[in-house]
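Comments concern the structure below.
The values are calculated or read from the model by the stated rules, or taken from the named source; none is laboratory data. These figures come from a predicted structure and were not determined experimentally. Every residue, glycine as well, gets a Cβ built from its backbone with ideal geometry; the counts of neighbours run over all protein chains shown.
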Amino acid sequence: MSVPTTGGQAVVTVFVSVVDNAGRVDAVANLCGVLAGAGRRVLVLDWSDELTSVRDYLRVFHTGRQACPDKVWAAAQAVGGAGGSRVRDQRELAAHVVPSLPGSVDVLSLDGGLPSLRHTTVDEHALADLRKTLTTADYDDVLVALPSGGHSATLRAASVLGDTVVVCFEPLVPTLGAAVDTVDAVRRSAPLRVDIVVAATRFRVDDAEHRVNGLRTAIRQAFGPVLPPRSRLTDPYVELPELSYVTAAPLLAVVAEEADDLWSRYVRLATMVDADRGVAPRQVSELVRGRYRRVAGIDVGDEQRVVVTADPALRPWVDWVAAELAEVNVSVCEAGADSGDLPVVRIAALGSADPGGADVLLHPVSVPGGRISEAMLRAVRDRVDGVRERLFSGLGYPTPPLSPDVPPKVPGLPSAVFGLPASSVRFGHRDAELDLLRTALPASDGVTTVALTGAHGVGKSELALAYAHRNAFAYDVVWWLPAHEPQATLVQLAELASRLRAEPEHYGSMAALDRFAADTSLRFLLVYDGVPEVSAIVDLLPKGGRGHVIITVASVGEGDEVDAEIPVKGLSTEQGAALVRRGATGLPPVMAAQVAAELDHWPLALNLAACWLSEQITVLTDGTRSSYLDVFEAAEVAGTDLLSRLRADTAGPTAIHRMARLTLATARDHDIPGLAPIDRHLGAVAALVAEFGAFLSPLGAALDLVRSLPWRAELGVGIGSAADELLVFPPLIDRALWLGERYGLFEVDWGRERVRVGDVLRSTIAELIDPATRRARRTAVLRALAGYAPFEVNAGHRARFVELGTHIGPSGATGSDDPAVRRWLVNQARFFFAFGGVGVRRAALASGQEVFESWTERFGEQDELRLRMGTQLANLRRELGDRDGALALDEAVLRVQKRVHGVADPRTLATARDRGGNLRGLGRFADALVQDTVTRQHHVAVLGPDHPETQWATNNLAVSEFLAGDAGSALRTQRAHLERLARLYGDDHKDTVWALGKAGIYASQLGLPEAEAYLEEASRQARHTHWGDLQLRGSMEWHLGIAKRGRDPRSARADITNALRHLTAVRRDTHPDRFACMLSLAATQRVYGWEPAETERLARSALTGLVDTIGLAPSHPFVALGKLGLGLALDARGAADAGLVEIRAAQSTLESALGRAHPWTLAATINLAAATAATGNRPDALTIATTAHAACEEYLPLDHPFSTTATTNTQVADGAPGPWQVIDVDIPQI
């Protein structure tokens, strides 16, 4: 530590600037480096509130924290009016030492507890006290960075605090005058003489000589009149040059730069603020400079190597060290013949013996398991900082800074997005396989896929799970995906999408995989567990991004695309014995080895044996028996009993079967003296739960299902005499679950509220049950699932239907003849249609089609449940874009329903409504109008006008009337519908708001003044009453913008932009509404005069989306409207010929699909005339305009907006002054 050279009087230098980012902060930081080179002890008070602070420049040289002197802390707090109210742990200085320099730098910043001086009235007495405290503190130099801006309070503070005030400014004409005013204000406000230094930062000395000299002259002439006349500084000007490169982190130039020019200029600044004490700083050594430049990323240089050693259990810390050292281009290698002279880093547990010979000894940070609090996370960060500093400083490198906003990544901490089952407490082997897996998954760009192969029960899943837990810190996303069937995988992909905030509109979409492909900053690990064949999950694998995929599968096929295959085999004798002993405390090693040998060293069988032994030892030592055994005696008795039973079981066929058979039998007979009668059945219940689990999803079952009344009723039937108590007292099931978990029959995750039988154990138990019992168990499970299934499909039952969907395949529900099960399957199909994502809907359609055909064969085409399933399959086809297939299926079902139930039966009418929707989706608007007219008439006659299904039919009729070209009838129908809804449900009900908005849409088509009022009120209701319904809000804002487009295009553009954002959030990019809204935005921007190129891009994207994403046929009217909008955008951009091509194609399609009398066709014809005129062909334009005008007079009212436009264009074509007018036709919501 250096000693103040002026009798304990520290020199205070204050830095100010007029604007942010004027080089003030980097000037302070670099001056610290020079003063440290002079052996000075420097204190920095960093009141700057810019994004980059002095600490950011010095962060790589951070050596720890130390207590701030109490007097300094109190005086600094008093300046901001905070007094001494801060807590003690905020009173810390960040200490820094630059290697090879004799001085040190301590920093107190806003983050460290300094009160903000921005917009604060500063007490002048407090300033004087602070100056006195600073000058008498145990420092040689104090540097103060004040907030930017020429505020009088800030400048007054500078003049009071400082011996010298450094005014920093960039040498630009706009800032020069403000800097001169700052200097003048500092000089005038100083109570005593103060020296002022003018620092031109980021000075470009490489500019042309005449420009540099001219700039220097201008600076001196500007500042000369305002500088103090009797200053000790004869030349108060200094130029601080601009760096010639840019780095990711703030750079301390005086350490990184070798240029003498930059060093000499900062030495000059140090001399100017030194108060004549004499400054003779030395620069950092070449070794330190070179390593700092590597850390900063300036000079990567040749790769250097370091040997890192660790015990097998600490191998993840080797990866952590490798990732840290990679930042400075240092690679990690193992000890070998060519590593004799390399530095050695040894990783050892705290308290372990140190073998010596290591250059750096690191002790891993102890991390608590599971979720940790923010306070604990901060404590972990502090310990990690210490380990990092020991690592880098021990190797002679500055410590690269960590972002304070990013949680530390160290072994033991989960990834930011983490979804893994709990790791097995008995997994303590397989280090060799873990190393192989670790080597096969390099930290590289792209996606690496590794398959773990081997027989069932060999431990593939446990190996993958152990790797994922140990290495989760190295990833941003870690997720477990059961892959025994696509439905289970889709459910977990949907959950992952939700956690990534790439939330799909419905569950089961592929949004998570799309996010990975688009965002390569996310490093992911996905484990697909229990894959039947790799080819079965090809469509569910990531298609891009940066991460690793682990697949557990029995074998890899010849054409399977995996990057590496790692065979997993059974355990060794030692590993098997160790696994058994971990569960059976006190078991002799020799007996454990015998058990392992008897079970062929099969991990799953050994785990069951360990659980069995543990439970038997507990029973033998619980003190309830006549003779008391200690744990070692009990272990030997239990081990002998186990070996005897296993050797007596010759039924086989595998060790897993033998051990599972014994476990089930023991659980059923579980009996401890003194148990209550009901308690004696708990083992039977546990065994029955395990057997039921053999017919459930590999994901397991929700606790809500296992505790439900239908499930408990089936368990009661299975155990007989205790059924009533099980039904009346549900907590009994929880006790049975705990017993079954102790026996290893299943896992109970109380956090996620699931009960799961392992995949191999599921299949093993199913094989152990005799055929008659298997049928009975399957039937019982199906009855329980059907009883658990809701009767209504709505959002409130979403969780149950998601749960039930995972059990359809494993339970064999599709082959059941039970009407209750079949009714559940119909409702499940409706749920997939209403709430499923694309992937789920496709899977549901494929399996549902098989069920439909099976039911046709087994129950006949008139079976009611078969007809209802057909309706739901039609809905699925329509949502997946197969509108022709949906229509064909609806019509097939409708024909049977009319014959069996009659045309007016509500079931027939429901299918008729769906048929109308399919016709509208196909663009067959006239056919849809006929269907919807008849359907509504029957609804009114059968159910009455107020029935909800009649209301749906009325809404459909209004839509079809509008699409068919009769907006007047649509508006009349909708107004009557709106009045009825308001009377039944009130004005603020969501259905009423929708109806109000649609009335506005129809009125807008007719050019009625009330259209905008309708939509304004609907939008207001959506915002205030239905804030969370983005679809409703977006739809109302969209059509409000359309209504306002002609009057106020700027406001309309804002409304439609908001609408597009809302619809994109809820609809993603797979719904026509999004592309229709995009087309409306393009039209509005064209009217507003926005960027023509951007307008064309929007219109083209909308058309492409309708054709390629939605899959509409080229002859669909909506595609024609897309071409019409694109043509108008091209015309507005000046591409008249290209625009004419699109508009002509649109007009031809509309006339062919809708007829020449349809308003959309007339609008397209009017636009065709205008587009033809834009190409210079006025004769043809006149002919088309005349034809359009005549057609409008024939088919539309004279006051219709289209008729008015046609009249105007005809007059312009005849030579009247004025521009041609065009009509925007927006794609409506249907």
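Listing for the model above:
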| item | result |
| --- | --- |
| Test set (1) at pLDDT 90 or above; (2) within 37 Å of the chain's Cα centre (by Cα); (3) of a type outside the set (F, W, Y); (4) at positive phi - G39 fails condition number | (2) |
| Helices (runs of 4 or more DSSP H) contained entirely in the range 208-283, each with at least 3 residues that are in contact with a His (Cβ under 9 Å, 6 or more places away or on another chain) and at pLDDT 90 or above | none |
| Enumeration of residues in the range 1071-1100 that are closer than 11 Å to L1060 by Cβ and modelled with pLDDT under 90 | D1073, R1074 |
| Cβ pairs under 6 Å, 6+ apart, first in the range 942-963 and surrounded by 21 or more Cβ atoms within 10 Å (Cβ to Cβ), second among the hydroxyl-bearing types (S, T, Y) | A953/T935; L957/T973; A958/T973; E961/S969; F962/Y1002 |
| Hits in the range 751-768 - residues which are in a loop (DSSP other than H, G, I, E, B), surrounded by fewer than 17 Cβ atoms within 10 Å (Cβ to Cβ) and in contact (Cβ under 8 Å) with a residue 12 or more places away in the chain | E753 |
| Given (1) touching a residue at least 40 places away in the same chain (Cβ under 8 Å); (2) part of a helix (DSSP H, G or I), number of the condition P1179 does not satisfy | (1) |
| Leading residue by the ranking (modelled with the highest pLDDT) among those in the range 70-96 that are surrounded by fewer than 18 Cβ atoms within 10 Å (Cβ to Cβ) and under 29 Å from V255 (Cα atoms) | A95 |
| Residue match in the range 135-153 (condition: in contact with a strand residue (DSSP E or B) (Cβ under 8 Å, 6 or more places away or on another chain), surrounded by fewer than 23 Cβ atoms within 10 Å (Cβ to Cβ) and not in a loop (DSSP other than H, G, I, E, B)) | yes |
| Selected residue (criterion: nearest to R915 (Cα to Cα)) from residues of the range 844-890 that are assigned to a loop (DSSP other than H, G, I, E, B) and in contact with a helix residue (DSSP H, G or I) (Cβ under 7 Å, 6 or more places away or on another chain) | L880 |
| Residue pairs meeting the criteria (Cβ under 8 Å; at least 6 apart or on separate chains; first not assigned by TED's automatic domain parsing to the domain that holds L1079, in the range 1124-1141; second part of a helix (DSSP H, G or I)) | none |
| Qualifying position, being of a type in the set (D, E), in contact (Cβ under 8 Å) with a residue 12 or more places away in the chain and under 18 Å from L490 (Cα atoms), among E533, E565 | E533 |
| Count of residues meeting criterion [free of Cβ contacts under 8 Å to residues at least 40 places away in the same chain, crowded, with 18+ Cβ neighbours inside 10 Å and within 23 Å of E961 (Cα to Cα)] in the range 1142-1165 | 7 |
| Criterion (modelled with pLDDT of 75 or more, hydrophobic (A, V, I, L, M, F, W, C), in a loop (DSSP other than H, G, I, E, B) and under 28 Å from the mean Cα position of the chain (by Cα)) met by exactly one of L402, L437, L413 | L413 |
| Matching residues, the range 109-150, being at pLDDT 80 or above and among the hydroxyl-bearing types (S, T, Y) | S109, S116, T133, T135, T136, Y139, S148 |
| Residue list for the range 737-755, restricted to those being hydrophobic (A, V, I, L, M, F, W, C) and at pLDDT below 90 | W750 |
| Tabulated pairs, the range 891-912, first part of a helix (DSSP H, G or I), second basic (K, R), C-beta under 8 angstrom, 6+ apart or interchain | E891/R915; L894/R915; Q897/R907; H901/R907; R907/R868; T908/K898 |
| Hey, V478 assigned to a loop (DSSP other than H, G, I, E, B), of a type outside the set (K, R) and in contact with a Gly (Cβ under 9 Å, 6 or more places away or on another chain) or not | no |
| Number of positions in the range 30-72 that are part of a helix (DSSP H, G or I), without any contact (Cβ under 8 Å) to a residue 60 or more places away in the chain and among the polar types (S, T, N, Q) | 0 |
| From the options P1197, P1179, P1219, P1228, residue that is over 55 Å from the mean Cα position of the chain (by Cα) and in the same structural domain as A1136 (by TED's automatic domain parsing) | P1179 |
| Elements of type helices (runs of 4 or more DSSP H) contained in the range 1044-1106, each with 2 or more residues being touching a residue at least 12 places away in the same chain (Cβ under 8 Å), in contact with a Lys or Arg (Cβ under 7 Å, 6 or more places away or on another chain) and more than 25 Å from E1012 (Cβ to Cβ) | 1092-1104 |
| Selection count where residues are of a type in the set (S, T, N, Q) and more than 25 Å from P653 (Cα to Cα), scope the range 762-813 | 3 |
| Sole residue being surrounded by fewer than 20 Cβ atoms within 10 Å (Cβ to Cβ) and under 32 Å from the mean Cα position of the chain (by Cα), chosen from A829, A820, A846 | A846 |
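Every residue, every condition in (1) in the same structural domain as D319 (by TED's automatic domain parsing); (2) within 22 Å of the chain's Cα centre (by Cα); (3) at pLDDT 85 or above, yes or no:
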site	(1), (2), (3)
L465	no, no, yes
N471	no, yes, yes
E485	no, no, no
P504	no, yes, no
